[in-house]
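Engineer: Structure incoming, see below.
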Amino acid sequence: MPNTNKQLTRRSFLSTTAKGTALATLMSGLPKGWVGSAYASDAPETADVKFGIIALTDCSSIVIAHEKGLFKKYGINSTVNKGANWAAIRDSLSNGDIQATHMLIGMPIASTMGLLGAPKKPMIIPWLVNRNGQAITLANKFKGKVVDDPKALKPFVDEAKKAGAPLSFAMTFPPGTHAMWMRYYLGAGGINPDTDVSLITVPPAQMVANMKVGKMDGYCVGEPWNARAIADDIGFTSIATQGIWKDHPEKVCAFTAEFADKNPKTVKAVLKALHEASVWLDNLDNRPEQAKIVSAAAYINCAEDVILGRLQGKYLYGDGRKLRDPNYMIFSQRNCNYPQPKYAKWWLTQFRRWGLVEGAPDYEGIARQVMRPDIYTEAMKEIGYTQGVQDDSAETLFDGVKFDPKADLENYARSFTVNNLKG
């Protein structure tokens with residue numbers, strides 16, 4: 001009698017093998033992500049994302065995306081952690097304690113290059129968070145003597161230096177925006193921030209307290225800590241940073257390059273949520289609610305009425321000047337969020353100018369490595385947003401000096417009379 005079980009097993013094997021060969025042939029023509037599943041998932045690779053922020057008004061798009069469920073809409077389970085200072089934020093991102101963060105635009109550049117004591121950790125900028133909205137505050141003793149021209153400050157700087165007690169000015173982190181605005185402001189007044197004054201690092205939320213006890217003569221920081229100095233009657237605004245450079249770049253949403261490479265869908269999901277939050281923020285009717293939400297102790301920990309005024313462009317300078325500034329802080333308007341390579345190039349010229357790098361840096365290469373408009377563009381296309389485009393036009397700052405990203409960048413960096421060039 002034939003072995004029926006053996007024949008059935010053989011038939012089953014041949015049938016299964018034929019089907020398997022046909023399936024393998026079919027699957028070989030599909031995209032890699034589809035193999036082993038019915039279709040490729042659009043879900044973020046990492047659903048749980050911790051975001052870092054510092055207590056500044058321009059953390060708002062991250063906070064609003066979290067509070068209003070926009071991260072959740074795109075598959076992100078968000079947690080927002082307030083950092084004590086920018087160094088702590090940088091280190092938390094570098095070691096993976098947080099996956100994305102509110103950050104000064106110069107910080108991912110410095111970390112990618114391993115500057116100023118930072119461990120060399122490549123970081124990327126696929127999203128500019130905001131423009132405008134910072135300021136330089138001077139102590140009340142200069143009220144009526146200095147307005148918005150730093151040249152008027154120079155005699156006081158020279159006198160203090162001669163007496164052996166240099167004036168002290170603060171910024172929030174050496175390669176960051178506030179450092180560059182303070183340096184540029186002083187330099188435009190003929191003041192060398194490295195040799196004529198003491199330039200110190202103070203966390204944003206501690207600026208007012210330090211000025212109150214006489215530890216500094218001026219500082220540059222984001223809001224609300226300039227408005228708070230006026231409310232507490234310890235200082236006045238010399239100039240808002242949009243007066244130095246209209247629509248200048250400010251904070252970014254940064255990731256490590258390693259995380260972004262492994263989690264491209266996660267990064268795009270974050271950008272999509274930030275886009276919706278940013279559009280909401282730029283409806284001025286929403287700014288009272290914005291101020292209320294971000295004023296909480298978990299975020300800025302400052303009275304909402306102190307936060308709100310400058311968000312609406314209402315600038316009381318504290319020395320009698322008043323201005324309804326049309327160039328208030330913006331989050332989505334005027335191609336705000338596109339990570340323009342020219343901004344990284346400008347930062348590198350200032351790193352060069354002030355001796356933060358020795359010799360000419362790789363202006364083009366580093367800008368290309370850090371700024372990632374490709375990620376931004378892909379994310380915006382996926383939600384049907386007609387995104388911004390690259391802008392390589394020249395910029396002229398308040399001292400009349402023009403920055404042309406298409407010109408000789410090393411020549412621009414070396415062209416400033418006040419500098420601390422090395423190499």
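Engineer: I need a count of the residues in segment 207-231 that are without any contact (Cβ under 8 Å) to a residue 40 or more places away in the chain and among the basic types (Lys, Arg).
Structural biologist: Adding up the residues that qualify gives 1.
One line per residue, one yes/no per condition, for (1) closer than 25 Å to Val202 by Cα; (2) in a loop (DSSP other than H, G, I, E, B):
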| residue | (1), (2) |
| --- | --- |
| Lys72 | no, no |
| Ile89 | yes, no |
| Ile98 | yes, yes |
| His102 | yes, no |
| Met107 | yes, no |
| Pro119 | yes, yes |
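Engineer: Moving on. Give me a count of the residues in segment 89-127 that are more than 15 Å from the chain's Cα centre (by Cα) and either closer than 16 Å to Glu258 by Cβ or open to solvent by 30 Å² or more (accessible area, probe 1.4 Å) (or both).
Structural biologist: Total meeting the criteria: 16.
Engineer: What single numbered condition from (1) open to solvent by 40 Å² or more (accessible area, probe 1.4 Å); (2) outside any loop (DSSP other than H, G, I, E, B); (3) of a type outside the set (Asp, Glu) fails to hold for Arg352?
Structural biologist: Of everything listed in (1) open to solvent by 40 Å² or more (accessible area, probe 1.4 Å); (2) outside any loop (DSSP other than H, G, I, E, B); (3) of a type outside the set (Asp, Glu), Arg352 misses just condition (1).
Engineer: Hey, among Lys272, Lys262, Lys251, which residue is closer than 18 Å to Cys59 by Cβ, among the charged types (D, E, K, R) and modelled with pLDDT of 95 or more?
Structural biologist: Selected residue: Lys251, the only one of Lys272, Lys262, Lys251 that is closer than 18 Å to Cys59 by Cβ, among the charged types (D, E, K, R) and modelled with pLDDT of 95 or more.
Engineer: State yes or no: is Phe156 aromatic (Phe, Trp, Tyr), more than 22 Å from the chain's Cα centre (by Cα) and either farther than 21 Å from Ala240 by Cβ or not in a strand (DSSP E or B) (or both)?
Structural biologist: Here the answer is yes, as Phe156 does meet what is asked.
Engineer: Is segment 357-365 home to any residue that is open to solvent by less than 50 Å² (accessible area, probe 1.4 Å), in a helix (DSSP H, G or I), within 22 Å of Ala260 (Cα to Cα) and touching a Lys or Arg at 6+ places or on another chain (Cβ under 6 Å)?
Structural biologist: Scanning segment 357-365, I find no residue that is open to solvent by less than 50 Å² (accessible area, probe 1.4 Å), in a helix (DSSP H, G or I), within 22 Å of Ala260 (Cα to Cα) and touching a Lys or Arg at 6+ places or on another chain (Cβ under 6 Å), so the answer is no.
Engineer: Next up: In segment 370-390, which residues are loosely packed, with under 14 Cβ neighbours inside 10 Å and outside any loop (DSSP other than H, G, I, E, B)?
Structural biologist: Correct list: Asp374, Lys381.
Engineer: Determine which member of the set Asp42, Asp91 is out of contact with any Asp or Glu (no Cβ under 7 Å at 6 or more places or on another chain), farther than 14 Å from Cys253 by Cα, charged (D, E, K, R) and at pLDDT 95 or above.
Structural biologist: Going through Asp42, Asp91 in turn, just one is out of contact with any Asp or Glu (no Cβ under 7 Å at 6 or more places or on another chain), farther than 14 Å from Cys253 by Cα, charged (D, E, K, R) and at pLDDT 95 or above: Asp91.
Engineer: Same structure again: If I ask for residues that are closer than 28 Å to Asp404 by Cβ and open to solvent by 10 Å² or more (accessible area, probe 1.4 Å), which ones from segment 218-241 would you list?
Structural biologist: Ile239
The values are calculated or read from the model by the stated rules, or taken from the named source; none is laboratory data. Everything numeric in this text was worked out from a predicted model, so none of it was measured. Quick reminder, even Gly has a Cβ in these numbers, built from the backbone with ideal geometry, and neighbours come from all protein chains shown. Keep in mind that these areas ignore ligands, DNA and RNA; they rest on the heavy atoms of the full protein, side chains included. Shrake-Rupley method; radii C 1.70, N 1.55, O 1.52, S 1.80 Å.
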